[in-house]
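Here's the structure, in structure tokens; my notes come after.
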Amino acid sequence: MISLEASFSRLTKLIAKTLRGRAALEAWGQATAWMTPARRARVAKAVTAALDRCADNPKVLTWPDDYIELLGHSATRTDQRAITLLEEFRNMAGEARGSEFEALDPENLPGPTSILAEKKGIPPGTPFVRVWSVPTGLLDRKGLEDAIERIRRR
């Protein structure tokens, strides 16, 4: 069995192979050095207050999932208000995005699709399906669960 430290070490070596990866690791190091326990407590208090003000409708915030993630990174297990608040959001969480599908008429394709099919050499009459992602209006369940778990581990 591989230890967590060995896995993390291997992961950081892989990330550090690219310029973007090195920049991300450097930014991560600077952020962790800056995040003292006192600053972490202030951030947790401010984020908890913002979420508390709109606990009945967290979608009032521009990006509520980002607030939840930030709280997961800043609160500690002794911060019962943060844990309780996040637990209350569970009934508003689920899949944040869904997929919709639409079968297109192969004889009457929309302009951009027919042009692209022609460029790619796709024969006329080939069936196409349009797929797109749509928001569900729910909070991200995985992000919420990760934030609660991160707080309980700290």
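Scan segment 107-131 for residues that are open to solvent by 70 Å² or more (accessible area, probe 1.4 Å) and touching a strand residue (DSSP E or B) at 6+ places or on another chain (Cβ under 8 Å) and jot them down.
Pro127, Val129, Arg130, Val131
Any idea how many residues of segment 5-57 are part of a helix (DSSP H, G or I), open to solvent by less than 80 Å² (accessible area, probe 1.4 Å) and within 26 Å of Ala93 (Cβ to Cβ)?
11
Could you tell me whether any residue of segment 86-105 is assigned to a helix (DSSP H, G or I) and polar (S, T, N, Q)?
Within segment 86-105 (the criterion being assigned to a helix (DSSP H, G or I) and polar (S, T, N, Q)), the answer is yes, since at least one residue qualifies.
How many residues does segment 58-106 hold that are among the polar types (S, T, N, Q), under 26 Å from Arg39 (Cα atoms) and open to solvent by 90 Å² or more (accessible area, probe 1.4 Å)?
3
Taking only pairs six or more apart or across chains, which ones have beta-carbon atoms under 9 Å, a first residue in segment 40-67 that is touching a residue at least 60 places away in the same chain (Cβ under 8 Å), and a second residue that is of a type in the set (Ser, Thr, Tyr)?
If the second residue must be of a type in the set (Ser, Thr, Tyr), the pairs left are Pro58/Tyr67.
Kindly indicate which of Glu88, Glu26, Glu107, Glu102 is among the acidic types (Asp, Glu) and closer than 24 Å to Val134 by Cα.
Glu102
Conditions: (1) among the hydrophobic types (A, V, I, L, M, F, W, C); (2) open to solvent by 80 Å² or more (accessible area, probe 1.4 Å); (3) touching a strand residue (DSSP E or B) at 6+ places or on another chain (Cβ under 7 Å). Val134 meets all but one. Number of the miss?
In the conditions (1) among the hydrophobic types (A, V, I, L, M, F, W, C); (2) open to solvent by 80 Å² or more (accessible area, probe 1.4 Å); (3) touching a strand residue (DSSP E or B) at 6+ places or on another chain (Cβ under 7 Å), Val134 misses (2) alone.
Residues are listed down the side, and each one gets a yes or a no for (1) touching a helix residue (DSSP H, G or I) at 6+ places or on another chain (Cβ under 8 Å); (2) over 21 Å from Leu61 (Cβ atoms); (3) among the hydroxyl-bearing types (Ser, Thr, Tyr); (4) in contact (Cβ under 8 Å) with a residue 12 or more places away in the chain:
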{"position": "Glu100", "(1), (2), (3), (4)": "no, yes, no, yes"}
{"position": "Asp105", "(1), (2), (3), (4)": "no, yes, no, no"}
{"position": "Thr113", "(1), (2), (3), (4)": "no, yes, yes, yes"}
{"position": "Pro123", "(1), (2), (3), (4)": "no, yes, no, no"}
{"position": "Val129", "(1), (2), (3), (4)": "no, yes, no, yes"}
{"position": "Val134", "(1), (2), (3), (4)": "no, no, no, yes"}
{"position": "Leu144", "(1), (2), (3), (4)": "yes, no, no, yes"}
{"position": "Ile148", "(1), (2), (3), (4)": "yes, no, no, yes"}
{"position": "Ile151", "(1), (2), (3), (4)": "yes, no, no, yes"}
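The values are calculated or read from the model by the stated rules, or taken from the named source; none is laboratory data. Bear in mind the structure is a predicted one, so any value in this text is a computation, not a measurement. Cβ sites come from the backbone with ideal geometry, for glycine too, and all protein chains shown count toward neighbours. Ligands, DNA and RNA are excluded from the accessible area calculation, which covers all protein heavy atoms including side chains. Shrake-Rupley method; radii C 1.70, N 1.55, O 1.52, S 1.80 Å.
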